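Read through the structure below, which is laid out as structure tokens, and then see the notes.
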Amino acid sequence: MQNPEFIWQFGQWIARRESGAARLGWQDGEIVLRVVEGRVVSTEGFDTTGIAREVNAEPADQVDLLLEATEVSRRGRIPETHALSAAKTIIEDAIAQWMSDPDRALDLVEGEPEGREGPTISLSHAIVELVLSDPEDRVCGYVLPSLDMLVRRSNGFLELYAPLRLSEDADLIVSRITGERTAREVADGTEHGEREVVRLIAALIATGVLEPVPEPLEPVHVDLMPSALPEVEIRQRRLPLSWLIGAASALFILVVVIGVAIVRSGGSDPVSVEGDTGTWGLVVDMGCAPEDLQRILKLANANAKDVRAVRVGSEDAAPCWRLVWGEFQSQASAEQAVADVPDTILRGGFEPHAVELETDPAEVEP
């Protein structure tokens, strides 16, 4: 489980949707994928006869995997989707072998491959399918070697994630990724199994939708007081007792003045009283339908520092979701801030109202 950087680099190259070619090399093989805007348009290095075996047809002896799929489909009168599915499986198997080899090699070349009309295969969909459908986790550990690694969303996250059309459960898991949680912490905060969550995170890292947060560099120790310097005598000077008493008196007076000022000002939030304590927020949108969830998650993603999506409802019923803005010490202070809710997050016609947040709410923070 070494050198995941090549896997990350390959995923980030796919996510940029640039045109070019990728050479993937490992101990037992080497392939070339020519890509236009994230889609494979031609290949080299594959055993193309695997398509004919998969669809029970005669091989067409083409070097390019996609041309072979097209020709096998035409000659054998087989649906082209079946032949392309077989080609995609072969690509996935090769990428899995490359990821699983610690001595993998990667060369990326920018440029526009020779255009040709014909079917293409989405690299993002192929890799996500590869990782998510891998029950033995052959590649997951190579993509994400440590669960204690911070993960964050890449630039253009929404544009990259939406076309994958993953499940609502995946949406909720991904919305917890802020760059401040490790993969383990993301998994611990959901009702799904750790392996399932980690597999999703690994799939999205392998396609550049997510990216690991680089670890901070270890500080370089510099000996500011080398032993070679001559010793300097340090004298301890006693302060007069009258000075110490005066300083203590001044500090006491300063603390009293600050305390009086705080009591008189009252602060931005009123002092909590018994029966009105806790953590409060303002609900600015809510809904229970799938389209409501998508809207709330989109707003939460775009305003991660200001709002959060909070799940409500019992385990037996379908969940509903609130979009909560702000954090206040009391209901009164939350209600006083209604006029401060930004128009960009307030749903038209929705009346914001205060809600007390649970100590350990079932929430998904974007």
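The values are calculated or read from the model by the stated rules, or taken from the named source; none is laboratory data. Predicted model only: the values in this text are computed from it and were never measured. Cβ placement follows ideal geometry from the backbone for every residue including glycine, while neighbour counts extend to all protein chains displayed. For accessibility, only protein heavy atoms count, side chains too; no ligands or nucleic acids. Shrake-Rupley method; radii C 1.70, N 1.55, O 1.52, S 1.80 Å.
Some points to look at:
- A residue that is modelled with pLDDT under 80 and not acidic (Asp, Glu) occurs nowhere in the range 163-186.
- In summary, strands (runs of 3 or more DSSP E) completely within the range 261-364 and bearing 1 or more residues that are at pLDDT 75 or above, open to solvent by 70 Å² or more (accessible area, probe 1.4 Å) and within 30 Å of Ala162 (Cα to Cα) occur at 320-328.
- For the range 120-167, a tally of residues being touching a Ser or Thr at 6+ places or on another chain (Cβ under 7 Å) and among the acidic types (Asp, Glu) returns 1.
- Of all residues making up the range 173-184, the number that are crowded, with 18+ Cβ neighbours inside 10 Å and in a helix (DSSP H, G or I): 3
- Check on Val131, modelled with pLDDT of 90 or more, in contact with a Lys or Arg (Cβ under 9 Å, 6 or more places away or on another chain) and assigned to a helix (DSSP H, G or I): yes
- Hits in the range 135-167 - residues which are under 12 Å from the mean Cα position of the chain (by Cα), surrounded by 13 or more Cβ atoms within 10 Å (Cβ to Cβ) and in a loop (DSSP other than H, G, I, E, B): Met149, Ser154, Gly156
- For Ala170, the criteria (1) in contact with a helix residue (DSSP H, G or I) (Cβ under 8 Å, 6 or more places away or on another chain); (2) in contact (Cβ under 8 Å) with a residue 40 or more places away in the chain; (3) not in a loop (DSSP other than H, G, I, E, B) hold in every case but one, which is (2).
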